[in-house]
1. With +1 on each Lys and Arg Cβ and -1 on each Asp and Glu Cβ, and nothing else charged, work out how big the dipole of region 97-150 is about its Cα centre, in Debye to the nearest 20.
2. Not counting ligands, DNA or RNA, and with a 1.4 Å probe, what is Arg123's accessible surface area in Å² rounded to the nearest 10?
3. I'd like to compare 114-122, 98-106: which one has the highest average count of other Cβ atoms within 10 Å, and what's the full order after that?
4. What part of the accessible area of region 44-161, given as a whole %, is carbon or sulfur when the probe is 1.4 angstrom?
5. Just want the answer: with Cβ charges of +1 for Lys and Arg and -1 for Asp and Glu, which residue in Leu124, Leu100, Ser80 is farthest toward the dipole's positive end in region 78-135?
6. Based on Cα positions only, what radius of gyration and what Dmax would you give for region 65-189, in angstroms?
7. Between Ala84 and Ala53, what is the FRET efficiency for a Förster distance of 30 Å, r being their Cβ-Cβ separation, to the nearest 0.05?
8. Figure the gain on full extension for Met76 and Cys160 (residue separation times 0.36 nm, minus the Cα-Cα span) and round it to one decimal in nm.
Amino acid sequence: GVVLPPGNVILKNRRRNLERNRINGRRSTNQRIRNLTAHVGEKQVLVVRVIDAEGKASDDAQTVSNKFFGTYGDKMTMKSQFEACSFGKLKISNNYSIDLSNHLEAPGVVDVNVPLKLAESNRLQVRTASINAAEEKLGIELPGPFHHVVFVVEGCYTDCGWAGYAYVNSWFSIFQGQYYKMAGVQLHE
């Protein structure tokens with residue numbers, strides 16, 4: 001809970017500040033920091049399953065595909081929840097505008113091998129190696145034709161404390177361990 005100091009607590013009138021900003025043509029702090037875009041239509045998403053130098057990887061590609069796209073019947077996925085939350089206006093797709101049939105291990109999922117051990121690497125090293133491996137395997141510079149590229153790693157061993165992370169208005173996100181299976185975490189990132 002929240003503990004307040006004894007005495008009067010003064011709350012600033014946020015509504016007055018918002019109105020003053022509107023009149024003066026200034027944007028609020030939240031608007032300046034988070035310039036989010038609205039998405040509708042079909043968005044191509046590629047999931048990259050990362051395999052480290054010791055062969056460590058998340059679940060098999062079919063399970064990963066099922067958890068993101070509902071390929072094999074999972075009803076609680078990134079695809080289903082974005083569509084539900086947008087009232088059908090945002091559709092996550094693994095139907096790509098380029099032919100990836102020679103690269104996919106399961107619908108929407110490509111496997112890449114990285115030349116490092118997860119247990120000895122920080123998240124910057126893992127991210128860089130994963131992107132490089134995916135670009136090399138696919139022969140394109142990411143994001144390429146994809147609206148979003150999701151990387152899934154087996155776990156985190158150094159610089160941890162995260163389930164996944166992404167950047168605002170970026171094509172990139174990454175999940176570690178079993179967190180990729182959680183639709184709430186998928187949608188958050």
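1. 240
2. Surface open to solvent at Arg123 totals about 90 Å².
3. 114-122, 98-106
4. 48
5. Among Leu124, Leu100, Ser80, the one farthest towards the positive end of the dipole of region 78-135 is Ser80.
6. 14.5, 43
7. 0.15
8. 27.6 nm
The values are calculated or read from the model by the stated rules, or taken from the named source; none is laboratory data. Because the structure is a prediction, the values reported are computed rather than measured. Here Cβ is always computed from backbone atoms with ideal geometry, including for glycine, and neighbour counts include all displayed protein chains. What goes into the accessible areas is simple: the full protein's heavy atoms, side chains included, and nothing from ligands, DNA or RNA. Shrake-Rupley method; radii C 1.70, N 1.55, O 1.52, S 1.80 Å.
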